[in-house]
Every structure is written in C-alpha cells, then in structure tokens.
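Notes follow the structure.
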Amino acid sequence: MTLDEIKNKVRDVYDFPQKGIVFKDLTTVFKEPECLRELSKHLTDLYKEKGITKVVGIESRGFIMGAILANQLEAGFVPIRKPGKLPADTWSESYDKEYGKDTIEIHKDAIQSEDIVVLHDDLLATGGTMLAAYHLVERFHPRKIYINFITELEFLKGREIFPPGVDVEALIKF
Ligand code: AMP
C-alpha cells in the first residue's frame, strides 16, 4: 500500500474541535489492519538505520504509532503528557497556543545522555507543541533528537519553527 493510498484514507472533519478547523482524523487509517501495518512499515523504514533507543510520543495521538514504532525499532517508549498526569517527578515546558498557554511534561528519569531519540506526533500544524517537546528532550542532552510526524499541514509552515539542522520528517503532506 502506497503513502498516497494511506493519505486517501485520512478523514477530514469540518469545524472540529472548533469552527473553521479542518481536523485530519487518522482513526480511519488506524482501524484498517493493512493501513496500520503499512504505516508502521513506512515509519520503521525511516528510522531503522538510525540507532534509535527511545521513541517519545506526545499525548495522546502520538502514543498510537509511537508505541508501535518503538516496538518495531526495539527501542523504549516514553510518554510526554499534559500536566498532572505523570506520577513521578517531571520537567515541564509551557508554550503559546492560539488562545492562551499550554504545558507538557516528561518524567525526569525518562531519557539518558546515551540515548538517540525520535520524537513522534500524529500531525504537524504550527509546530508549537513539538517545539516544546523538543525543548523538554534537549534537557537530557541525548546524542541526537529526530522529529517525526505522520502528517504535515504544509501551508502552516510549522517545520520552520525548529532549529536549523534538526531532522524533521512527515510521511504524508497536505
Ligand atoms: P501544533 O502545535 O499547532 O503543531 O498542533 C499539533 C497538535 O494539535 C497535534 O498533537 C495534533 O494532533 C493537533 N492538531 C492541530 N491541528 C490539527 C488538525 N487540523 N487536524 C488534526 N490534529 C490537529
């Protein structure tokens, strides 16, 4: 199955979660066994030669393929979550959203300096959430940080927010 065929399975939901937003719904991809398997294969192919030791998934849609990718790469999985959800000591990072601020957290013992990390989320819009996640992971000084999305809304130019030289990949572009 090609990436174009997978792209055609993504469902547009208009005015969700608020008026004017076209929400890219990937549940229509995940629910089909062949799509899920092929998506997993395409993602794994991108990183299998990179020596990844940790996949960091962003709550909550980044947990789905993030955990599958970690398993495929024989790496560990680390969650980044909304405030108050992680039980042990955390680092936090706040960032600006369109309306107000948001915060994300990671466990303080989640990553070591020997790790090679890929950060994963389902979709790149403005990039604000992933940049905050990148800053969180930078605190651990891992050997390298890759950034990965399943889909990217190219017209929002979110990838320009990341520091030059950072490897940012998205499989499917809209
Ligand atoms: P951003 O920080 O603007 O890049 O937003 C990224 C986060 O919001 C991701 O976790 C996405 O799941 C979600 N998101 C933002 N816009 C959309 C959209 N149009 N369709 C689906 N998810 C979206």
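The values are calculated or read from the model by the stated rules, or taken from the named source; none is laboratory data. Quantities reported herein were computed from a predicted structural model and do not represent experimental measurements. Neighbour counts run over all protein chains shown; Cβ positions are idealised from the backbone, glycine included. These area figures cover heavy atoms from the full protein model, side chains too; ligands, DNA and RNA do not enter into them. Shrake-Rupley method; radii C 1.70, N 1.55, O 1.52, S 1.80 Å.
Applying a DSSP loop filter and a limit of 10 other Cβ atoms within 10 Å to the GluC sites (Glu not before Pro) in the range 15-80 leaves E49, E74. Computed over Cα pairs, the Kirkwood radius of the chain leads via Stokes-Einstein (1.002 mPa s, 20 °C) to a diffusion coefficient of 130 µm² per second. Partner lysines whose Cα lies under 26 Å from the Cα of K7, excluding those fewer than 8 positions away in the same chain, are identified as K19, K24, K31, K41, K48, K50, K157, K173. Solvent-accessible area of the chain (1.4 angstrom probe, protein heavy atoms only): carbon and sulfur portion equals 49 percent.
Its Cα gyration tensor gives the range 108-174 an equivalent ellipsoid, and the semi-axes of that ellipsoid, as √(5λ) in whole Å with the largest first, are 22, 11, 10.
Given the -39500 (n - 2.57) contribution per DSSP H run of 4+ residues, what per-residue ellipticity at 222 nm results for the chain, rounded to the nearest 500 deg cm²/dmol? Each step should come with its number before you reach the end.
On the way: 5 runs with 47 residues, N = 174.
Rounded to the nearest 500, the figure is -8000 deg cm²/dmol.
Compute the accessible area per residue over the chain, keeping the other protein chains in place, probe 1.4 Å, unit Å².
53
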